[in-house]
Amino acid sequence: MLAELHVELVRHRLQHTLEQADTANFEVELDVRDEAIEVVVSGFSDSLPALVRTIMQEVLRPMKASEVASELGFARIELEREYRNATQSPRAKAYELRLQMLEIRAVTTDDKLEALQSKEGREKELAADISHFSAVLVSGPAIRSLVTGNISQEAAIAIVLDVVNAEAVTAGDMANFEPESELEPEPPLLAPRCHTIAIPPTTNGLLVRRESERIGERNSIVEVYFQIGKVGPEDRAYAVLLRALLAQPLFNELRTRQQLGYTVTCSIRDTHGVLGLSVSVQSASHAAGAVAKKLDVFLHEDFLHEYLLSEKRLPPKHFTSHVQTLQRVYARPDLTLTEQSERYWEEIVSGRLEFDLDINVANALESCTREGLIARYRCWLQGSTSCCNTCTDNYEERKSVHRANKNNGPRKLRVHVVGKCSPLKPLEQLVPSGYKVVQAAAIHAQTTMKNANLCIERIKTTDHENYEFTCPLKPLEQLVPPEKAPVIITGDLDDFKRGLQCHCQVDACR
């Protein structure tokens, strides 16, 4: 919160400078990203070094509590407004909930808003906190820089030295400052290492369910995230191929044919080096539980058997065409300087430093096969105890395999954000005489979920006449059998995460 408030004050002080830069066709971005202040300046003018110098001087300048106090009111109100708007949409809230569950050190928008509101009426105390933060920031900043474009090596070095010495060099003597002609070779400065939680294997995933922020919201979001792991170019190539093949059938089935919702998407997520496949549906007409059930059927059964394994729906020629298209996309050189610099900068801030990653993925795609894709699909999305009803032809054999591999399963996370104004209730509330999942037991440290038990309570429901239904009701055990029920996280996410492992300690599924 203090870092973002500091950036807000810097923007306020540089308001006229930034307006003039915009008039001169410069683009300036000031933001906080992964516990660091990020400054991006781009433009086609020889005055760019002077603009960078001015901005970085202000960013790294220690702020006195007395001068901050007079500017704090407007900046605090603006930041509070940003926090309140950040998670108003169900999709944004689902995105944040997923990251909160995946990141070991996650600071939510609600946390920052609470911290900011706790200082209301205590401006002097907040000004002192900002002053202390800026002093710590200047005392020993770790600076990562990237300079690209039509600029000489000497000029690039001069810009970097200006940034490094921004604390010591004041505006008055900046004109007399001459940078050293050469930089001493130093080891590369890596980005701070951010750690990601390893989602434990479960029968049918973990479930995080929250209400939307806006009172009149009718839309709900169902997101299913399958954690793939830390992978090399080969598995990354299979992941992007899986996403490319999944996108159109997913949309056609859930959006066009079943009309579950008006937004159906799938994407590959990279959370601090840990890859995952995310599928989401936004709906105002169906309950989140009903959407989740149909999404499961499609992902675990229909897509595999009616598409991946079907040479009629996916002929070898079409499979090869998808692979070749992705190869061209990843082998394509950067078309613009902005595209190139964004790709380089992503490698620097992530600490990955794999500047040829796209080329390596393009080369790996050449050896991708249908058999290899199906094997990874079974591993990543189904695991050994998936809710797929037809993983083998023999029912007894399927049960035996599942019992033998009961500690395995997909690393699956569900996020449901339910609209407050939605007339539809969660799935377990739509059961007239069934079972209701009350809570999940806490997961023992470094468990594979074998100690996680669901507490089931028999309930009776009598007020269904006020609910809207699109199909006849069935008991919950017929809709979602107990062995396929997700583990519902009812308490605080941070408390739940304490019993889970970091992904650094878990081998990726091969």
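The values are calculated or read from the model by the stated rules, or taken from the named source; none is laboratory data. Here the structure is a predicted model, which means the values were calculated and not measured. Ideal geometry is used to build each Cβ from the backbone, glycine not excepted, and the neighbour counts take in all protein chains shown.
Within the range 111-118, is there a residue that is buried (at least 18 other Cβ atoms within 10 Å of the Cβ) and touching a Lys or Arg at 6+ places or on another chain (Cβ under 8 Å)?
Taking the range 111-118 first, the residues buried (at least 18 other Cβ atoms within 10 Å of the Cβ) are 112-113, 116.
Applying the additional criterion that residues be touching a Lys or Arg at 6+ places or on another chain (Cβ under 8 Å) yields 113, 116.
Within the range 111-118, one or more residues are buried (at least 18 other Cβ atoms within 10 Å of the Cβ) and touching a Lys or Arg at 6+ places or on another chain (Cβ under 8 Å).
Looking at the range 114-164, which of its residues are within 16 Å of Val41 (Cα to Cα) and of a type in the set (Asp, Glu)?
Matches in the range 114-164: Asp162 only.
State all residues of the range 65-105 that are among the charged types (D, E, K, R), over 17 Å from Leu14 (Cα atoms) and modelled with pLDDT under 85; if no residue qualifies, say none. It would help to see each step written out before you state the result.
Restricting attention to the range 65-105, the residues satisfying the condition of being among the charged types (D, E, K, R) are 67, 71, 76, 78, 80-82, 84, 91, 93, 96, 98, 103, 105.
Narrowing further to those that are over 17 Å from Leu14 (Cα atoms): 80-82, 84, 91, 93, 96, 98, 103, 105.
Across the range 65-105, the qualifying residue is only Arg105.
Please state which one of Thr23, Thr87 is among the β-branched types (Val, Ile, Thr) and either buried (at least 18 other Cβ atoms within 10 Å of the Cβ) or within 30 Å of Gly216 (Cα to Cα) (or both). I'd like the intermediate steps shown before the answer.
Details: Thr23 fails: either buried (at least 18 other Cβ atoms within 10 Å of the Cβ) or within 30 Å of Gly216 (Cα to Cα) (or both).
Result of the check over Thr23, Thr87: Thr87.
List every residue pair whose Cβ atoms lie under 6 Å apart, where the two residues are 6 or more positions apart in sequence or sit on different chains, the first residue falls within the range 214-243 and is touching a residue at least 12 places away in the same chain (Cβ under 8 Å) and closer than 13 Å to Leu275 by Cα, and the second residue, located anywhere, is part of a helix (DSSP H, G or I) and among the charged types (D, E, K, R).
Correct list of pairs: Tyr225/Arg98; Tyr238/Arg376.
For the range 145-186, what are the residues that are at pLDDT below 50, surrounded by 14 or more Cβ atoms within 10 Å (Cβ to Cβ) and assigned to a helix (DSSP H, G or I)? Quick ask: steps written out before the conclusion?
Of the range 145-186, the ones at pLDDT below 50 are 169-186.
Right, trim to surrounded by 14 or more Cβ atoms within 10 Å (Cβ to Cβ) and you get 169, 174, 177, 179.
Passing the criteria: only Met174.
What are the pairs with Cβ atoms under 9 angstrom where one residue, in the range 7-27, is farther than 17 Å from Met56 by Cβ and the other, located anywhere, is among the hydroxyl-bearing types (Ser, Thr, Tyr) and outside any helix (DSSP H, G or I)? Sequence gap at least six, or different chains.
Close Cβ pairs satisfying both conditions: Ala24/Ser45; Ala24/Ser47; Asn25/Ser45.
Just checking, does the range 122-144 include any residue being in contact with a Leu (Cβ under 8 Å, 6 or more places away or on another chain) and under 30 Å from Val224 (Cα atoms)?
No, every residue in the range 122-144 fails to be in contact with a Leu (Cβ under 8 Å, 6 or more places away or on another chain) and under 30 Å from Val224 (Cα atoms).
Given the criterion within 30 Å of Trp345 (Cα to Cα) and either touching a Pro at 6+ places or on another chain (Cβ under 8 Å) or outside the structural domain of Val160 (by the TED database) (or both), identify the matching residue among Ala94, Ala75, Ala135, Ala86.
Criteria check complete, one pass: Ala135.
So for the range 291-300 (the condition being closer than 23 Å to Arg414 by Cβ, assigned by the TED database to the domain that holds Tyr225, of a type in the set (Phe, Trp, Tyr) and buried (at least 16 other Cβ atoms within 10 Å of the Cβ)), does at least one residue qualify?
Kept after step one, since they are closer than 23 Å to Arg414 by Cβ, are these residues of the range 291-300: 291-300.
Okay, now just the ones that are also assigned by the TED database to the domain that holds Tyr225, so 291-300.
In the following step, the residues that additionally are of a type in the set (Phe, Trp, Tyr) were identified as 298.
If we keep only those that are buried (at least 16 other Cβ atoms within 10 Å of the Cβ) too, we end up with 298.
Yes, the range 291-300 has at least one match.
Return the residues of the range 84-127 that are touching a helix residue (DSSP H, G or I) at 6+ places or on another chain (Cβ under 6 Å), polar (S, T, N, Q) and free of Cβ contacts under 8 Å to residues at least 24 places away in the same chain; say none if nothing qualifies.
Thr108
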